[in-house]
Amino acid sequence: MLVDYGTDVLLIGDYRYSARGDVCTIDGLANLKEALYRRFITNPGELQHRPDYGVGVYRYMNLPATPSNRQKLANAITMNVVREKRISKVNFARADWTMDVCMIEISVKVTGVSVEYQFEVVK
């Protein structure tokens with residue numbers, strides 16, 4: 001069974017262009033991973049048309065990485081990611097950070113399969 005995970009503009013860094021001059025796109029599970037990353041770095045309320053969208057990882061990076069704060073971020077990630085229509089379940093989410101880098105591990109269920117991603121969010 002062929003599953004469509006969507007296609008979007010590739011936004012890792014600056015726009016990238018093909019040899020023909022078209023903006024490069026991303027699809028499949030890589031598109032889902034990029035969509036999750038954008039969700040993590042967007043602050044709640046930043047998008048007026050989607051006020052509940054976004055985790056706001058950078059806000060947590062200004063707090064001490066105590067077990068309680070790490071759990072709060074993991075919960076915020078879980079609560080926001082389950083709103084992603086391509087994801088049916090969040091198996092687990094973990095986060096830990098220093099002042100400059102936040103490492104996020106997440107396992108999600110999409111169309112019957114579990115997919116694990118690791119993210120590095122840098123200030």
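The values are calculated or read from the model by the stated rules, or taken from the named source; none is laboratory data. Everything numeric here is computed off the predicted structure, so don't read it as measured data. Methodologically, a virtual Cβ is constructed for each residue, glycine included, from the backbone with ideal geometry; neighbour enumeration extends over all protein chains shown.
Which condition from (1) of a type outside the set (Ser, Thr, Tyr); (2) modelled with pLDDT under 90; (3) part of a loop (DSSP other than H, G, I, E, B); (4) in contact with a strand residue (DSSP E or B) (Cβ under 9 Å, 6 or more places away or on another chain) is the one that ASP14 breaks?
Against the list (1) of a type outside the set (Ser, Thr, Tyr); (2) modelled with pLDDT under 90; (3) part of a loop (DSSP other than H, G, I, E, B); (4) in contact with a strand residue (DSSP E or B) (Cβ under 9 Å, 6 or more places away or on another chain), ASP14 comes up short only on (4).
Confirm whether ARG39 is exposed (fewer than 13 other Cβ atoms within 10 Å of the Cβ) and of a type in the set (Lys, Arg).
no
Yes/no matrix, rows are residues, columns are (1) part of a loop (DSSP other than H, G, I, E, B); (2) farther than 17 Å from ASN31 by Cα; (3) modelled with pLDDT of 95 or more:
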residue: GLN48; (1), (2), (3): yes, yes, no
residue: TYR60; (1), (2), (3): no, yes, yes
residue: ALA74; (1), (2), (3): no, yes, yes
residue: THR78; (1), (2), (3): no, yes, yes
residue: VAL90; (1), (2), (3): no, yes, yes
residue: ALA95; (1), (2), (3): no, yes, yes
residue: MET103; (1), (2), (3): no, yes, yes
residue: VAL108; (1), (2), (3): no, no, yes
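Yes or no: ASN91 out of contact with any Pro (no Cβ under 7 Å at 6 or more places or on another chain) and touching a residue at least 12 places away in the same chain (Cβ under 8 Å)?
So ASN91 passes the test.
Can you go through VAL90, VAL55 and tell me which one is buried (at least 16 other Cβ atoms within 10 Å of the Cβ) and closer than 15 Å to PHE119 by Cα?
Only one candidate qualifies: VAL55.
Has region 24-35 got any residue that is at pLDDT below 95 and at positive phi?
Yes, region 24-35 contains a residue that is at pLDDT below 95 and at positive phi.
From the residues in region 110-123 that are among the β-branched types (Val, Ile, Thr) and over 17 Å from GLY56 (Cβ atoms), which one is modelled with the lowest pLDDT?
THR111
Within region 33-92, which residues are closer than 23 Å to LYS109 by Cα and among the polar types (S, T, N, Q)?
The answer is THR42, GLN71, ASN75, THR78, ASN80, SER88, ASN91.
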